[in-house]
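A.B. asks: Sending over a structure as structure tokens; questions will come in a sec.
The values are calculated or read from the model by the stated rules, or taken from the named source; none is laboratory data. Since this is a predicted model, take the numbers as computed values, not measurements. So basically every Cβ, Gly included, is an ideal-geometry build from the backbone, and we count neighbours across all protein chains shown. Heavy atoms of the whole protein, side chains included, go into the accessibility calculation; ligands, DNA and RNA do not. Shrake-Rupley method; radii C 1.70, N 1.55, O 1.52, S 1.80 Å.
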Amino acid sequence: MRWSRMFIPTLKDSPSDAENISHKLMLKGGYIRQLFAGAYSFLPLAQRSLLKITSIVREEMNRIGAQEILMPALNPIEIWDKTGRNDVMGDEMFRLKDRKERLLCLAPTHEEVVATIAAGEIRSYRELPQVWYQIQTKFRDEPRPRSGILRVREFLMKDSYTLAATEEQLDISYNRHAEAYKRILKRCGLDFIVVGASTGTMGGTASQEFMVLSDAGEDEVVFCPNCKYAANVEVAESILPEYSWQPMEKEEVYTPAKKSIEEVSEFLRIPPEQLVKSLVMVVDEKEFVMALVRGDRKLCEEKLKLHLGASNIRPAQDKEIEEALGVPAGFLGPYKMKKKIRIIADDGIEKDMPFATGANRVDYHIKGLRLSEIDGIEFADIREAETGDTCTRCGKRLKRIPTIEIGHIFKLGTKYSKALGANFLDENGESKPIIMGSYGIGIGRILAAAMELFADEAGTALPISIAPFEVIITPLNVTNPLILETAEKIYKELLEKNVDLIIDDRDIRAGSKFKDAELIGIPLRITVGEKSLASGKVEIFIRRDKKKIEVPKEKATDELLKLREEMFKELTP
RNA sequence: CGGGGUGUAGCGCAGAUGGUAGCGCGUGCGGUUCGGGACCGCAAGGUCAUGGGUUCGAAUCCCAUCACCCCGACCA
């Protein structure tokens with residue numbers, strides 16, 4: 001490929017819209033352009049990378065015996081009604097009507113379609129297990145698209161679905177996917193951790209996420225450096241560090257306009273650890289629940305949701321709280337409540353610790369209350385684990401870190417097959433619902449994560465397996481025939497060896513060529529210029545470690561092939 | 001949806017107190033340069049997000065709308 005003929009609109013300044021590193025780099029490097037919020041065009045460089053990623057994904061999926069299919073993105077709403085997910089998905093699903101006013105949606109995922117196919121075709125246990133996958137554009141009307149390509153409304157995903165007759169078959173498919181995902185990420189040059197996760201709106205019995213450590217990530221993972229326990233904060237367990245509380249008289253205290261934990265803590269001179277937050281949540285849009293969490297802790301909504309068996313919870317608005325409890329937010333507590341609602345206390349709060357919390361009276365808090373003296377409270381782990389908490393497995397300190405979620409695998413069970421009538425006859429002629437699994441991996445996120453992970457001042461250094469080109473040849477002055485001929489000769493030799501490369505044949509200054517090549521992240525560069533050529537040499541530049549090697553021009557091709565080989569070897573699982 | 005911010009040339013920005021739009025980069029042409037985003041000359045490029053209002057006069061003041069970005073609740 002010749003740079004002069006390629007569409008690579010690099011920029012000197014990144015557009016001010018871009019905030020995080022991969023987003024800036026992709027815009028600057030001419031990889032992507034935004035069409036509107038949450039939708040990007042992939043320009044030639046990005047598309048080349050994405051094609052390489054998808055072919056790695058294909059190879060690994062095929063390797064575990066998965067069969068590639070392709071399902072419609074356009075779905076009739078009925079199948080989503082049958083599983084109840086038309087409601088569960090809420091505004092996240094794009095909905096539209098056809099010319100006959102029939103309700104359709106753009107599928108955010110494909111369990112419903114898979115179960116529909118299975119319901120129509122699978123009859124016997126002899127036809128199971130099945131493992132199907134597709135690489136397809138998904139649509140999700142994200143409440144807030146952000147971070148460039150990391151969180152968008154239209155994105156490429158590899159999603160697979162397994163159909164099993166038995167739990168054992170499901171386990172095998174699930175484990176094979178985990179293995180395939182590890183191989184995929186390794187081949188794409190990404191370091192990752194596998195963590196226990198919440199099944200969220202998918203439902204199901206077990207799930208794990210494949211996370212890349214990155215500050216750009218939107219997820220957080222709690223992990224133990226000692227025993228390797230790792231879990232999404234949504235589900236991570238921990239033990240609170242010891243806290244020696246102070247004794248406290250029981251009394252109502254006047255706390256004018258002191259609402260937040262900080263304000264109350266400061267005003268009453270009580271540390272946040274000895275305050276209790278009373279958070280009112282709306283459960284499935286019908287019931288109010290009060291959640292009690294220690295003042296220095298965050299409520300983990302996902303854990304609470306799980307405990308309640310709810311499908312949706314949200315913080316109540318101030319107006320709702322006042323209507324339901326007769327007290328404004330800020331002075332709420334499990335004390336002299338005007339109206340009884342369900343109370344769930346975090347089990348990390350010591351039952352005999354006296355604490356301060358709202359007195360359910362405007363401008364008043366109650367001091368010296370203890371959970372042990374309140375009737376009808378439920379206890380559950382509903383707090384978020386934090387750095388410094390104790391690991392429940394080995395007793396060492398936990399760490400909490402931001403991550404990018406690249407892949408997620410689920411054991412779904414029979415939720416979808418039951419809803420859509422996907423049954424089979426077992427050995428005994430008994431009809432049973434098919435046991436499903438579902439597995440996703442974000443193609444674009446792999447690229448974004450790699451950009452992010454290997455970024456430096458000059459740009460990025462993509463892994464050779466997914467870089468848009470493996471090698472760039474940079475003749476520094478194309479008006480010098482000797483330089484150009486030498487570069488062209490090496491270019492031809494490498495082409496014959498099936499190296500994926502580009503020659504920067506533009507008639508521009510050397511500096512610009514260097515900047516561009518380093519920006520877009522090509523892992524290997526051959527520089528052909530007067531300086532080295534005077535002694536019959538060319539220079540090989542290794543982008544990742546910024547190392548330069550001079551080699552005789554006749555040996556350039558062989559030397560480069562060797563380096564390329566080594567780079568690929570490093571990425572071999 | 002709540003909170004914050006920004007919309008002026010392809011990109012990055014400037015345009016006090018209202019007086020008819022500018023800088024840097026980039027782009028085109030000519031020339032000198034050519035191993036780390038060169039220099040000189042010439043030139044093109046703008047419904048100042050949109051709609052309404054105030055005013056003799058609005059990029060600037062007022063109202064509304066829209067878009068995009070950031071922080072929170074959801075996900076590959």
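A.B. asks: Quick check: residue separation of A:K339 and A:S14 times 0.36 nm, minus the Cα distance between them. What number comes out in nm?
C.D. replies: 111.4 nm
A.B. asks: Once the piece of chain linking A:T387 and A:D87 is laid out straight, how much longer is it, given 0.36 nm per residue of separation minus the C-alpha distance between them?
C.D. replies: Between A:T387 and A:D87, full extension yields 104.4 nm more.
A.B. asks: Can you list the GluC sites (Glu not before Pro) in region A:390-457 that are in a DSSP coil and have 11 or fewer other beta carbons within 10 angstrom?
C.D. replies: For GluC sites (Glu not before Pro) across region A:390-457 that sit outside H, G, I, E and B with at most 11 neighbouring Cβ atoms in 10 Å, the list reads A:E427, A:E430, A:E457.
A.B. asks: Quick one: in region A:299-429, what % of C-alpha pairs are over 22 Å apart?
C.D. replies: Tail of the P(r) past 22 Å holds 59 percent of the pairs.
A.B. asks: I would also like to ask the following. Taking a 28 Å limit on the Cα-Cα distance, which of the listed pairs A:K515/A:K562; A:K182/A:K489; A:K138/A:K513 fall beyond it?
C.D. replies: A:K182/A:K489; A:K138/A:K513
A.B. asks: What does the C-alpha gyration tensor say about the overall shape of region A:205-317? Classify as rounded when a/c is under 1.5, otherwise prolate if a/b is larger than b/c, or oblate.
C.D. replies: Here region A:205-317 falls in the oblate category.
A.B. asks: Can you order the peptides A:155-165, A:307-317 by their average number of other Cβ atoms within 10 Å per residue, highest first?
C.D. replies: A:155-165, A:307-317
A.B. asks: Just list whichever of A:K24/A:K52; A:K52/A:K547; A:K82/A:K432; A:K303/A:K336 have alpha carbons separated by over 24 Å in the model shown.
C.D. replies: Long pairs (Cα-Cα over 24 Å): A:K52/A:K547; A:K303/A:K336.
A.B. asks: What whole number of Å gives the distance from the Cα centroid of region A:137-211 to the Cα centroid of region A:412-477?
C.D. replies: 6 Å
A.B. asks: Apply the Debye scattering formula to region A:466-573, with a single equal point scatterer on each alpha-carbon and no solvent, then give log10 I(q)/I(0) at q = 0.10, 0.12, 0.17 Å⁻¹.
C.D. replies: Here the Debye-derived log intensity ratios amount to -0.24, -0.35, -0.73.
A.B. asks: Still on this structure: Indicate the gyration tensor shape class of region A:85-235 (rounded, prolate or oblate), computed on the Cα atoms with a ≥ b ≥ c the square roots of the eigenvalues: a/c under 1.5 is rounded; otherwise a/b larger than b/c is prolate and the rest oblate.
C.D. replies: oblate
A.B. asks: Okay, moving on. When the helix-only estimate is applied to chain A (DSSP H runs of n ≥ 4, each -39,500 (n - 2.57), divided by the residue count), what is the mean residue ellipticity at 222 nm, nearest 500 deg cm²/dmol?
C.D. replies: After summing the helix terms and dividing by the residues of chain A, the value is -8000 deg cm²/dmol.
A.B. asks: If packing is taken as the average count of other Cβ atoms within 10 Å, what order do A:520-531, A:137-148, A:246-257 fall into, highest mean first?
C.D. replies: Top of the packing list down: A:520-531, A:137-148, A:246-257.
A.B. asks: Please compute the per residue accessible area over region A:469-570 with all protein chains in place, 1.4 Å probe, rounded to a whole number of Å².
C.D. replies: Per-residue value: 50 Å².
A.B. asks: Please work out the Cα center distance from region A:97-125 to region A:296-312, rounded to the nearest Å.
C.D. replies: Value for the Cα centre distance between the two parts: 31 Å.
A.B. asks: Another question about this same structure. In cubic angstrom, how much convex hull volume per residue do the alpha carbon atoms of chain A span?
C.D. replies: Convex hull volume per residue, Cα atoms: 199 Å³.
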